[in-house]
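First up is the structure itself, then whatever we jot down about it.
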Amino acid sequence: PSPHTDKAMVCFGSMFVELPKAKAREMLRQDQEQLDEEISNLRKELRVKVNRLYEAQGKPELKGFNLNPMSAEEMKLINRIVEG
């Protein structure tokens, strides 16, 4: 076996670094969790701002605007049901 089979090349800015695959996977998982949290917070803030805007314009609150996207796990279950 090649000595590099447990290594992965990861790009940081304009530089590639070779890391153990487990470390690279963990770093990517942590980054994704942080990004998911930031996206969730931005969506919540946007809903509040849009509702304030509609209220200031004298318009009724948007219907269905407070819905949350399905998780990847929920999408997998839906796809299984649809595919039979």
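The values are calculated or read from the model by the stated rules, or taken from the named source; none is laboratory data. Everything quoted here is computed from the prediction, not taken from an experiment. Note: ideal-geometry Cβ built from the backbone for every residue, glycine included; neighbour counts use all protein chains shown. Protein only, heavy atoms only, side chains kept; ligands, DNA and RNA dropped before computing areas. Shrake-Rupley method; radii C 1.70, N 1.55, O 1.52, S 1.80 Å.
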Next on the checklist: Compute the helix-to-body angle for 21-56: its Cα long axis versus the longest principal axis of the chain, expressed 0 to 90° and rounded to tens.
Outcome noted: 10 degrees
Item to check | Amide H contacts under 5 Å for K7, placed H, 5+ residues apart | outcome: K21
Checklist entry - Near K44, which lysines are there with a Cα under 28 Å away, not counting those fewer than 8 places off in the same chain? => result K59, K63, K76
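Mind giving me the FRET efficiency for L46 and R80? R0 is 41 Å, r the Cβ-Cβ distance, nearest 0.05 is fine. Don't jump to the answer; show the numbers that get you there.
Details: r = 31 Å, r/R0 = 0.77.
Here the calculated transfer efficiency is 0.85.
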Checklist entry - If each of E37 and F65 carries a label point 7 Å out from its Cα toward its Cβ, how far apart are those two points in nm? => result 2.8 nm
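Give me the accessible area per residue for the chain, probe 1.4 Å, as a whole number in Å². Numbers along the way, then the final one.
Numbers: 7580 Å² over 84 residues.
Averaged over the residues of the chain, the accessible area is 90 Å².
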Item to check | Among [x] 66; [y] 63; [z] 25, the entry that matches percent of Cα pairs over 20 Å apart as calculated here | outcome: [y]
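Of all accessible surface on the chain at a 1.4 Å probe, what whole percent is carbon and sulfur?
Working: 4420 of 7580 Å².
It is 58 percent, rounded to a whole number.
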Checklist outcome for this item: CD proxy, 222 nm, the chain: helix-only mean residue ellipticity via -39,500 (n - 2.57) per DSSP H run with n ≥ 4, per residue, nearest 500, stands at -20000 deg cm²/dmol
